[in-house]
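A quick write-up on the structure given underneath.
FYI, it's all coordinate maths here, none of it is from the lab. These figures come from a predicted structure and were not determined experimentally. Ideal geometry is used to build each Cβ from the backbone, glycine not excepted, and the neighbour counts take in all protein chains shown.
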Amino acid sequence: MAKNIRLAFFLGWLVPGAGHFYVGRRGKALLFFILLMSTFFAGWVMGDFRNVYFARLRFAVLGQLGLGLPTLVISHKSMLSSLGQTFGKSASLTFGLSSSEFLPLYDVGTIYTVVAGLLNLVVALNAYRLASHTQEASVGRG
């Protein structure tokens, strides 16, 4: 059955591995989801939960946006917590750890999150290619 190539790419961008799941590659979908999300989360932890944020790291966020929905959700939560700090409320996401423990790894964590986003774009393009091959195969049979 022919798959929509644009939908395969969009799903792959929105949630890592979802494009492959859509085209029927469920094993690869699970593998890509686990690898990309763990890379992104490890980078986020190394950055003290502060390195996925539109206002602070404008160029890095362009790469991080390649991960889709997780980046959008986390950066939205970061914006809300910074607003809470502005108005005097405690909105720390550090789970009680001092920021000095993670600051040496802040840049490394940012690189991890950017790499995860850029790799997800490659994975989404692969889902697009797989969907286009299923379209060509169904047209050839018709």
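Report the extension gain between residue 6 and residue 72 in nm, rounded to one decimal, defined as 0.36 nm multiplied by the number of residues separating them, less their alpha carbon distance.
21.7 nm
Using a 10 Å cut-off around each Cβ, can you sort 75, 38, 132 from fewest to most neighbouring Cβ atoms?
38, 132, 75
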